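Encoded as structure tokens, the structure appears first; notes follow it.
Nothing in this text is a laboratory measurement; each read-out follows from the coordinates by a stated rule. Every value quoted in this text rests on a predicted model; they were computed, and no experiment measured them.
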Amino acid sequence: MPDMLGVLIAERRLECRDGAGKRHEVVVRIGKPVLDQEPKPAWYCPFSITGMGGEIERKAFGEDSVQALLLGLQMIGVELEHYERTHACTLTWHGIGVNEPGFPPLPRPLPPEEYR
């Protein structure tokens, strides 16, 4: 895991609680964005999530390091939301809110009538 993440820049520990009140920990780790030169220059931000029945390791690619980081945060939010829905559980961060792991949601497209 440390090899894939490279330099660790952030970590968040979440509590997962199912309908029966059973709890376990989910850990999100984010690596420093990296400029990959192969096959062509591209930025990516590595991240991992453990505690959801295995380890998820992904890379979010962007045009620069900021976009790679922001897209990584959004991808983490999608992974966590999917886990909550498919496992009927609630993820919380420091007991803040219900279903609030603290990662930005993906932007929702505007309905066609709002484009005018």
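With viscosity set to 1.002 mPa s and temperature to 20 °C, compute the Stokes-Einstein D of region 2-104, Rh being the Kirkwood radius across alpha carbon pairs; µm²/s, no decimals. Rounded to a whole number, D works out at 151 µm²/s.
Counting only residues at least eight positions apart within a chain, or on another chain, the lysines with an alpha carbon under 27 Å from that of LYS32 are LYS40, LYS59.
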